[in-house]
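S.K.: First, the structure itself, so that you have it in front of you.
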Amino acid sequence: MKLSSISTHALHSSLRNLTMAKQIDLNIAQKEIVTGRLADIGYSLGGKTHFAVSIENEMDLISQMKVTNSFVTRRMETMQLSIGSMVDAANDFLADMSTEITTSLDRSFLKSLSLSALENTTASLNVAYKGEYIFSGVNSDSPSIVEYEGASGAAAKQAVQDAFTNHFGFDANDPSAANLSKADMEGFLDGPYNDLFNDSNWSTLWSSASDRGIRSKVSSQELVETPSTAQSEAYRKLIAASVLMVEFADTQLNDQAIDGLATGALNLSSNAVSELANEQGLIGLVQERVSRADERMSFQKDVLANQLNDLTGVDPYEAVTRLQSLSISLEASYAATARIQSLSIMNYI
């Protein structure tokens, strides 16, 4: 049996298709109201879709760079805090050392004071951020500096002792050391001891840091490099000043010789504090560059967001009006469907 075009089945099918289409349009309108953008960009924009995709890719790239920049910023902030800690410790060392030189020269106190300063410097230089030793430069998987009193500092400690023995012909605990003068100590400091901290010995005995810092891309056209590593002269002088008294304060050296070493340690620390300020300044310049790069990228992202909104954004008032119209049409369709479903030949018999 063939159904005619005016049958209730035909009317029901037509309304069902219309209702389904209205439901799809209603879902699209609801999505656009919630998201504020076209539900199907490809369908709506056609040939212009690649513009929207390109803008979104640029915005994603900027977001990724800003995340990377946040890591660079945190690394620089951690370095600034570490250097600040070293400056504070060095200033305390200078103050206490100056007092000791002009008073009693308490050897045990001098050694304790120097050991505390050495431990602070070592801990500050070996600080890590996100699993990387930030003062090690590109060798960030290795600690920046050895622990002088630990296993890693054994070679450095032996080198210091050997430098003294080779220079004077006996070690610092030999009774003959009591005959050394302040001038003898100054000659030792300016010669063999100073050589222990030259480029070659520093990289061999004391530090595994590289000369070059970590490089980071902070914008599409700008690279920055971490400006401070443990290779800096400032850190070498801090270590040299502390090690000097840790190693020789409680030996057979007489008071004049100890005074000469203490004066040398004082001068090294004083010079280091001035140079640490330069290190902080260099890091500050990098922080400023990263901050400005972030500002530029934020502005670029705002511009791109406006461009993308012009392409894919929807008028919220028009979307609400369309949603209301679709809702009314859908309700009418439901009502008509219900009326048709209630039709029966039995009503006319």
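The values are calculated or read from the model by the stated rules, or taken from the named source; none is laboratory data. In this text the structure is predicted, and so the values were computed from the model without any measurement. Glycine also receives a Cβ, built like all others from the backbone with ideal geometry; neighbour counts cover every protein chain displayed.
S.K.: Could you tell me whether Asp211 is over 22 Å from Glu100 (Cβ atoms), at pLDDT below 95 and assigned to a loop (DSSP other than H, G, I, E, B)? Spell out how you get there, then give the answer.
M.R.: Details: over 22 Å from Glu100 (Cβ atoms): yes; at pLDDT below 95: yes; assigned to a loop (DSSP other than H, G, I, E, B): yes.
Yes, satisfied.
S.K.: If you check Thr68 against the conditions, is it touching a Gly at 6+ places or on another chain (Cβ under 7 Å), more than 30 Å from Asp259 (Cβ to Cβ) and polar (S, T, N, Q)? Before you say what the answer is, go through the steps one by one.
M.R.: Working: touching a Gly at 6+ places or on another chain (Cβ under 7 Å): no; more than 30 Å from Asp259 (Cβ to Cβ): yes; polar (S, T, N, Q): yes.
Taking the combined requirement at face value, the residue does not satisfy it.
S.K.: Sticking with this one: Output the number of residues of segment 122-139 satisfying the condition of being under 18 Å from Trp202 (Cβ atoms) and assigned to a loop (DSSP other than H, G, I, E, B).
M.R.: First, the residues of segment 122-139 that are under 18 Å from Trp202 (Cβ atoms): 122, 124-126, 133, 135-139.
Subset that is assigned to a loop (DSSP other than H, G, I, E, B): 126, 135-139.
Qualifying residue count for the region: 6.
S.K.: From the list Ser228, Ser216, Ser152, exactly one residue is at pLDDT below 95, small (Gly, Ala, Ser), within 24 Å of Glu119 (Cβ to Cβ) and not in a loop (DSSP other than H, G, I, E, B). Which is it?
M.R.: On the way: Ser228 fails: not in a loop (DSSP other than H, G, I, E, B); Ser216 fails: within 24 Å of Glu119 (Cβ to Cβ).
Residue meeting the stated conditions: Ser152.
S.K.: Hey, among Asn166, Asn179, Asn173, which residue is free of Cβ contacts under 8 Å to residues at least 40 places away in the same chain and either farther than 19 Å from Ala230 by Cβ or aromatic (Phe, Trp, Tyr) (or both)? Write out each step before concluding.
M.R.: Working: Asn179 fails: free of Cβ contacts under 8 Å to residues at least 40 places away in the same chain; Asn173 fails: free of Cβ contacts under 8 Å to residues at least 40 places away in the same chain.
Result of the check over Asn166, Asn179, Asn173: Asn166.
S.K.: Could you say whether any residue in segment 224-234 is within 24 Å of Thr99 (Cα to Cα) and either surrounded by 23 or more Cβ atoms within 10 Å (Cβ to Cβ) or among the small types (Gly, Ala, Ser) (or both)? Before the answer, list the steps.
M.R.: Our first condition is that a residue be within 24 Å of Thr99 (Cα to Cα); within segment 224-234, this holds for 234.
Okay, now just the ones that are also either surrounded by 23 or more Cβ atoms within 10 Å (Cβ to Cβ) or among the small types (Gly, Ala, Ser) (or both), so 234.
Checked segment 224-234: at least one residue is within 24 Å of Thr99 (Cα to Cα) and either surrounded by 23 or more Cβ atoms within 10 Å (Cβ to Cβ) or among the small types (Gly, Ala, Ser) (or both).
S.K.: Looking at Asp92, Asp106, which one is touching a residue at least 24 places away in the same chain (Cβ under 8 Å), over 24 Å from Gln231 (Cβ atoms) and among the acidic types (Asp, Glu)?
M.R.: Numbers: Asp106 fails: touching a residue at least 24 places away in the same chain (Cβ under 8 Å).
Only one candidate passes the filter, namely Asp92.
S.K.: Would you be able to say whether some residue in segment 63-70 is outside the structural domain of Asn271 (by TED's automatic domain parsing), more than 20 Å from Met245 (Cα to Cα), among the hydrophobic types (A, V, I, L, M, F, W, C) and touching a strand residue (DSSP E or B) at 6+ places or on another chain (Cβ under 9 Å)?
M.R.: yes
S.K.: Which residue pairs have Cβ atoms under 6 Å apart, sit 6 or more places apart or on different chains, and have a first residue in segment 284-301 that is closer than 17 Å to Gln64 by Cβ and a second that is of a type in the set (Asp, Glu) and not in a helix (DSSP H, G or I)?
M.R.: Qualifying pairs under 6 Å: Ala293/Glu222.
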